[in-house]
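Working notes for the structure below.
The values are calculated or read from the model by the stated rules, or taken from the named source; none is laboratory data. Because the structure is a prediction, the values reported are computed rather than measured. FYI the Cβ positions are ideal-geometry reconstructions off the backbone, even for glycines, and counts take in every protein chain you see.
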């Protein structure tokens, strides 16, 4: 039985399982990290591509089931580890110089934590494929002007290009979640416009702005951005000082920092 304490929801629709693997396009030269391998249905399909699969699972019962199911595949390594405590860089630096690819039908309640954890290892990851709740997917792929657009949208879009590949009905899972899901791809960008210190300042500006999203930007940022910089930003961009944060693009926020 699925364990609620671990947020276990199994993808049981065979057609969706095959559709996921087709969208990922895994090949034998790939190194794949699977988060929450569960009962191993996706794991087996990945293994059949010939890719080198490293399957994470922390549930004792499921780990034993995975051993039995994947025993004949020489290209599979099972790892009993929590993804949030797993040092991807340290582990894979000893295995390959190539960037790895990540896939997971992950617990919804820690979706954000997992994505933020994976972003820390962006130098070692080529792309990420995740099953997430539909509302969350819309939030992180939304752009300026949308009511679902927020600080997490900006953060994830700074580092990656998130794309909804297709929607998955709740009946494709067991037990059935209350809402539908999405299959998402996160492709890491090649270059980032800011230094690490500048990134920290940028995300502070973004968090502060969205923590007071009902306020005009000139008021929400006045404590952390000098007034002359804000005035210069509004003048150069011809943007109204009364604009609210949800109407500013990520590029606009970067412009505030750069002035």
* To do: Tell me which residues, restricted to region 209-219, are within 28 Å of the chain's Cα centre (by Cα) and over 18 Å from residue 259 (Cα atoms).
  => 210, 211, 212, 213, 214
* Asked: Got a number for residues in region 208-236 being surrounded by fewer than 16 Cβ atoms within 10 Å (Cβ to Cβ), over 17 Å from residue 145 (Cα atoms) and touching a residue at least 12 places away in the same chain (Cβ under 8 Å)?
  -> 5
* residue 46: in a strand (DSSP E or B), within 28 Å of residue 163 (Cα to Cα) and touching a residue at least 40 places away in the same chain (Cβ under 8 Å), yes or no? -> no
* Looking at residue 204, is it part of a helix (DSSP H, G or I) and free of Cβ contacts under 8 Å to residues at least 24 places away in the same chain? -> yes
* Scan of region 237-254 for residues that are closer than 23 Å to residue 148 by Cβ and free of Cβ contacts under 8 Å to residues at least 24 places away in the same chain, ordered by number -> 239, 240, 251
* Some residue of region 14-28 being over 22 Å from residue 167 (Cβ atoms) and surrounded by fewer than 18 Cβ atoms within 10 Å (Cβ to Cβ) -> yes
* Any hit, region 210-217, residues being closer than 18 Å to residue 156 by Cβ and assigned to a helix (DSSP H, G or I) -> yes
* **Filtered residue count, region 178-207, keeping only those that are touching a strand residue (DSSP E or B) at 6+ places or on another chain (Cβ under 9 Å) and either surrounded by 15 or more Cβ atoms within 10 Å (Cβ to Cβ) or modelled with pLDDT of 90 or more (or both)** => 10
* To do: Go through region 22-36 and count every residue that is at pLDDT 95 or above, in contact with a strand residue (DSSP E or B) (Cβ under 9 Å, 6 or more places away or on another chain) and not in a strand (DSSP E or B).
  => 6
